[in-house]
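The values are calculated or read from the model by the stated rules, or taken from the named source; none is laboratory data. Please read all numbers here as calculations on a predicted model, not as lab measurements. Backbone-built Cβ (ideal geometry, glycine too); neighbour counts: all protein chains shown.
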Amino acid sequence: MKKLWNQYSYAITLILLSCSIAIILSFQYHSNEEEQFIKVTISEGDSLWKISDQYSTQHSLTNKEFVGWVKKHNKIVNDQIFPGDEIIIPVSRDDSSSTTELASAPGN
């Protein structure tokens, strides 16, 4: 056993270190990822483009990227959203909240 350790100690240490770093980074990534979204309730007259404009200071995407992201992650087909629907939108970590915000709320 000692001969095996002496022969492969660097490789074993490197593998253990790599696994540890991967686990640590995984936890950090997932905790930040959850904080970067808010739930928005759709109101009459809302569109994905309008919501993108309304929250433009809270995300770093172009309107086209924002709409594509929202459609993909909320499984929206043909840009159709309806009043009362709840969608998840990306926002910066500092502006995130755990409460539901109305898309048509004043304060643009």
Fill in: L61 out of contact with any helix residue (DSSP H, G or I) (no Cβ under 6 Å at 6 or more places or on another chain), in the same structural domain as V91 (by TED's automatic domain parsing) and surrounded by 15 or more Cβ atoms within 10 Å (Cβ to Cβ)
yes
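What about L48, is it in contact (Cβ under 8 Å) with a residue 24 or more places away in the chain and under 16 Å from the mean Cα position of the chain (by Cα)?
In short, no.
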Worksheet item: All but one of (1) within 16 Å of the chain's Cα centre (by Cα); (2) in contact (Cβ under 8 Å) with a residue 12 or more places away in the chain; (3) within 14 Å of V91 (Cα to Cα) hold for K71; which doesn't?
Response: (3)
